[in-house]
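Engineer: Could you have a look at this structure, given as structure tokens, before my questions?
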Amino acid sequence: MMSRATSVTVDVLREWLAYDAATGELIWRKGNGRPMAGQRAGYIAAAGHRVLKIGGNRFYAHRVAWALHHGKWPPNDREIDHVNGQRDDNSAANLRLATKSQNLANAKRPAHNTSGTKGVTWCKRDKKWKAQIRHQGKRINLGYFEHLEAAA
């Protein structure tokens, strides 16, 4: 789990990292062996987000980019959403503060979704398309439809 509450200040981030707001790249300003100064910071984790380590703490690069761009860490009760859905695009224009619900609403459709449309699944039992959404943590059934277009 990446630490949100941290003793690493924005000043310490600026000492260690350069941030290009247009490209979203974080570059090490200094290093002692690994990482090397001038290299792109972090690595791509399994979920697709870039992760880096500073002062013994691991951070998501999008939170570090937000902090460097805005001069303060994002609030602990908010998430950073990638507007275009690309988890490694940390350009300033692609990052926005979001609630968990807003962030999930912007998520890509799950890989197991064969309908090609978020919130629509095939119901084998009824042989119809089922449409549903989530709102404030509750699943809301929108109904069953003969045609995919109607369910969407």
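Engineer: Looking at (1) at pLDDT 90 or above; (2) farther than 23 Å from ALA93 by Cβ, which is the only condition MET1 fails?
Structural biologist: Failing condition for MET1: (1).
Engineer: Can you report the number of residues in region 4-27 which are over 25 Å from ASP77 (Cβ atoms), at pLDDT 95 or above and not polar (S, T, N, Q)?
Structural biologist: Qualifying residue count, region 4-27: 5.
Engineer: Still on this structure, I have one more. Quick one: GLY33 ticks every box in (1) touching a helix residue (DSSP H, G or I) at 6+ places or on another chain (Cβ under 8 Å); (2) at pLDDT below 90; (3) small (Gly, Ala, Ser) bar one, so which box is it?
Structural biologist: Tallying (1) touching a helix residue (DSSP H, G or I) at 6+ places or on another chain (Cβ under 8 Å); (2) at pLDDT below 90; (3) small (Gly, Ala, Ser), GLY33 fails exactly one: (1).
Engineer: For LEU52, indicate whether it is touching a Pro at 6+ places or on another chain (Cβ under 9 Å) and surrounded by 13 or more Cβ atoms within 10 Å (Cβ to Cβ).
Structural biologist: It is true that LEU52 is touching a Pro at 6+ places or on another chain (Cβ under 9 Å) and surrounded by 13 or more Cβ atoms within 10 Å (Cβ to Cβ).
Engineer: Something else now. Using beta carbons and a limit of 9 Å, which pairs, at least six apart or on different chains, have the first residue in region 116-135 and loosely packed, with under 12 Cβ neighbours inside 10 Å and the second one part of a loop (DSSP other than H, G, I, E, B) and among the aliphatic types (A, V, I, L, M)?
Structural biologist: Here the result reads GLY116/ALA152, each pair linking region 116-135 to a residue that is part of a loop (DSSP other than H, G, I, E, B) and among the aliphatic types (A, V, I, L, M).
Engineer: Go through region 74-103 and count every residue that is in contact with a Phe, Trp or Tyr (Cβ under 6 Å, 6 or more places away or on another chain) and among the β-branched types (Val, Ile, Thr).
Structural biologist: Matching residues across region 74-103 total 1.
Engineer: Which one of ASP88, ASP11, ASP77, ASP81 is open to solvent by less than 20 Å² (accessible area, probe 1.4 Å) and on the phi < 0 side of the Ramachandran plot?
Structural biologist: Step by step, each of ASP88, ASP11, ASP77, ASP81 is checked, and only ASP81 is open to solvent by less than 20 Å² (accessible area, probe 1.4 Å) and on the phi < 0 side of the Ramachandran plot.
Engineer: Shifting gears a bit: Could you list, ordered by first residue, the pairs with Cβ atoms under 9 Å in which the first is in region 27-46 and in contact (Cβ under 8 Å) with a residue 40 or more places away in the chain and the second is open to solvent by less than 40 Å² (accessible area, probe 1.4 Å), at least 6 apart or interchain?
Structural biologist: Short answer, once both residue conditions are applied: ILE44/ARG50; ILE44/VAL51.
Engineer: Somewhere in region 114-132, is a residue closer than 30 Å to SER7 by Cβ and modelled with pLDDT of 85 or more?
Structural biologist: The answer is no, given that none of the residues of region 114-132 is closer than 30 Å to SER7 by Cβ and modelled with pLDDT of 85 or more.
The values are calculated or read from the model by the stated rules, or taken from the named source; none is laboratory data. Computed from a prediction, not measured in an experiment: that's the story for all the values here. Cβ coordinates were reconstructed from backbone atoms using ideal geometry, including for glycine residues, and neighbour counts include every protein chain displayed. For accessibility, only protein heavy atoms count, side chains too; no ligands or nucleic acids. Shrake-Rupley method; radii C 1.70, N 1.55, O 1.52, S 1.80 Å.
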